[in-house]
Amino acid sequence: MLTNSQTPTIIKESSDILPGINAQARVSQFMQNLQDEITQGLEKLDGLGKFQEDSWQRPEGGGGRSRVLRDGAIFEQAGVNFSEVWGDHLPSSILAQRPEATGHGFYATGTSLVLHPRNPYVPTVHLNYRYFEAGPVWWFGGGADLTPYYPFAEDAQHFHNTFKQACDQHHPEYYPVFKRWCDEYFYLKHRDETRGVGGLFLDYQDGQGAIYRGPDPNGEAAVYSNQVGELPSRSWEDIFALVQDCAGAFLPAYVPIAERRQGMEYGDRQRNFQLYRRGRYVEFNLVYDRGTIFGLQTNGRTESILMSLPPLVRWEYGYKPEPNSPEAELYETFLKPQDWTNWKPIQE
């Protein structure tokens, strides 16, 4: 039985709501341009490393471009992928959420990235924006989230405020819902902790009904979205513009943080803790991440799908941070959802 947040919406037969005949080509070009823009910006930030590109083809239809930077001045490994695939039917991971797409061929395109800096004071970061069509059904999804190891509240505030400003151009209630949705999605149930300090997450956005379209009808994102109520119908162009602005906010959100932290000195303690916490990233991506699951279920390129995993990682049995340490502060404050946009420093 579908929950209210999963109930399919009936798309009105309107040229404003349905994708145009060139929708796929427009989104595909945008996603490729986004990959170009971000890789150029990251090469400038790193100052040493260069992205190497692999193009690949999918036998069932489509392909992509994988770009990876290794052993740079800032990034130990950075991957930025573009993909565009199509086929006869969607995988079970998608149909579980959008059963009305059953029986239709599909088209999907998107750009995703994961950046693993070497310096433990520079946070790992993830971005993904995607577009699906399946018969008369279409939607946009994606977002970005920050995973610090030695976090700074002002960095989390800057990251969130940058994306809030992008969302607010389109609707004042987008950011409050997408932020809560991000805290919900990037959550390791088996560890009872969030992956990092969050950011934005949105999915199944087709301009109809309530903002939240996720699986948990009792979570904070659903509760807040229900209080907002259903928004007036928004067109395909409206949702595409939202995604463009959110995607364009990535470099302004992340680059100042990396620039501010990359020169900080660190030792073996900080490096070992970073490698230990990277294990959480591996756990999330292999157990919960829908992009990873979708890629594997649709016979995507395995090397490209798993480029999100860090090049070095460690696990430690029964690790407990020392009380009153920076590592303990990460667990006690930063791995719990916070209202980062309204954060204010403690006055001494």
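The values are calculated or read from the model by the stated rules, or taken from the named source; none is laboratory data. Since the structure is predicted, the reported quantities are computational estimates derived from the model, not experimental observations. Here the Cβ positions follow ideal geometry from the backbone for every residue, glycine too, while neighbour counts run over all protein chains shown. Areas reflect the complete protein model, heavy atoms only, side chains present, ligands, DNA and RNA absent. Shrake-Rupley method; radii C 1.70, N 1.55, O 1.52, S 1.80 Å.
Annotations
- All Cα pairs of segment 64-150, percent lying beyond 17 Å: 57
- For Tyr187, the accessible surface of its heavy atoms amounts to roughly 70 Å² (probe 1.4 Å, protein chains only, rounded to the nearest 10).
- Candidate lysines - alpha carbon under 26 Å from Lys179, same-chain residues fewer than 8 apart omitted: Lys164, Lys189, Lys336, Lys344
- Cα-Cα separations in segment 12-116 greater than 23 Å, expressed as whole percent: 42
- Cα gyration tensor category, rounded, prolate or oblate, for segment 163-215 with a/c compared to 1.5: oblate
- Accessible carbon and sulfur surface of the chain relative to its total accessible area, %, 1.4 Å: 50
- Calculated mean projected area of the Cα convex hull in nm² (choose from [x] 19.4; [y] 23.5; [z] 17.8), label: [z]
- For the chain, modelled as a GNM whose springs connect Cα atoms under 10 angstrom apart, the maximal fluctuation among Pro123, Pro232, Pro19 occurs at Pro232.
- For segment 28-80: relative contact order, % (alpha-carbon pairs under 8 angstrom, 6 or more apart): 30
- Fully extended contour minus Cα-Cα distance, from His104 to Asn226, at 0.36 nm per residue: 40.9 nm
- 1.4 Å probe accessible area per residue over the chain, in Å²: 44
- Protection proxy ranking of 213-222, 50-59, by the mean of other Cβ atoms within 10 Å over each peptide's residues and highest first, is 213-222, 50-59.
- Label sites at Glu303 and Glu259, each approximated as a point 7 angstrom past Cα along Cα to Cβ, lie 3.4 nm apart.
- Arg314 contributes an accessible area of around 70 Å² to the protein surface, as traced by a 1.4 Å probe with all chains present.
- Largest mean-square fluctuation among Gly267, Gly229, Gly196, in a Gaussian network model of the chain whose springs join Cα atoms under 10 Å apart, belongs to Gly267.
- Taking the centroid of alpha carbons for each part, segment 33-53 and segment 130-151 are 21 Å apart.
- Nitroxide proxy distance, nm - points 7 Å out along Cα→Cβ at Arg271 and Leu312: 0.5
- Virtual spin-label span in nm between Lys336 and Asp71, 7 Å along Cα→Cβ: 4.3
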